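Below is one structure, written out as structure tokens, with a few remarks after it.
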């Protein structure tokens with residue numbers, strides 16, 4: 001690969017790397033909050049799942065995805081991927097009383 | 001559910017919603033760049049995949065996840081999830097010559 005192409009790919013990749021770092025830190029913050037929700041619900045004996053909240057989130061993300069010109073199907077897959085992880089955290093909170 | 005609990009959950013959920021909006025817009029920006037990479041590679045007849053780059057990304061994200069106190073396994077699953085989507089975009093770029 002010639003130097004010009006290498007430099008151009010490097011330019012793109014530095015932006016991708018910056019965005020990935022932002023995504024990781026935003027996700028870490030998101031899980032901090034959902035874990036706090038898990039602990040709060042357990043402490044106050046509240047139901048772990050809330051289907052109406054989840055429906056609202058999906059609808060809201062679809063709208064956001066549209067305005068960001070992101071594939072709405074992808075954004076739904078993405079939310080489901082995150083929610084599966086949150087549910088695992090909440091199950092661990094309930095079963096083990098704490099998170100590793 | 002009593003009003004105090006409702007208010008507390010609302011407080012948490014507003015933060016989750018803010019973060020989700022950020023994630024959607026960061027992902028949209030990330031896909032803009034990876035699509036540009038796809039077009040650039042096609043235009044200059046460069047190889048579509050780069051295993052050494054992917055290995056570097058996984059290693060880098062593992063380190064970032066550690067410093068963000070995010071589960072490194074989750075961050076790897078997350079990167080793979082994103083990369084699968086990027087590969088689909090790139091395949092569409094190669095096959096259809098454009099993206100819908």
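Table for the structure above
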quantity: Percent of C-alpha pairs per 10 Å bin, the stretch A:3-96, short to long; calculated: 14, 33, 30, 15, 6, 2, 0
quantity: Rule-of-thumb Rg ratio for the stretch A:45-100 [Cα; 2.2 N^0.38 Å; N residues]; calculated: 1.36
quantity: Label point 7 Å beyond Cα of residue A:87 along Cβ direction - residues of the stretch A:21-56 with amide nitrogen under 20 Å; calculated: A:30-42, A:46-56
quantity: Calculated label separations, residue B:48, copies of the chain, 7 Å along the beta-carbon direction, nm; calculated: 4.1
quantity: Across the identical copies, how the residue A:1 labels are spaced - nm, sorted shortest first, 7 Å along Cα→Cβ; calculated: 4.9
quantity: Computed [θ] at 222 nm, helices only, for the protein assembly as shown once each DSSP H run of length n ≥ 4 contributes -39500 (n - 2.57); calculated: -29500 deg cm²/dmol
quantity: Average Cα contact separation per residue, the stretch A:3-96, under 8 Å, 6 or more apart, as relative contact order %; calculated: 28 percent
quantity: Exam field: residue A:72 pseudo-label spacings to other copies (7 Å along Cα-Cβ), nanometres; calculated: 4.0
quantity: Linear extension gain, residue B:25 paired with residue B:10, 0.36 nm per residue minus alpha-carbon span; calculated: 3.1 nm
quantity: Simple label model, 7 Å out from Cα along Cβ direction - residue B:59 to residue A:18, nm; calculated: 2.4 nm
quantity: Separation of alpha-carbon centers, the stretch B:9-25 and the stretch B:35-81, rounded to whole Å; calculated: 25 Å
quantity: Range of Cα positions in the protein assembly as shown per principal axis (Å), largest first; calculated: 64, 33, 21
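Bear in mind these aren't lab numbers, they're just calculated from the coordinates by the rules spelled out. Fair warning: this is a prediction, and the values are worked out from it, not measured in the lab. Cβ: placed from backbone, ideal geometry, glycine included. Neighbour counts: every protein chain shown.
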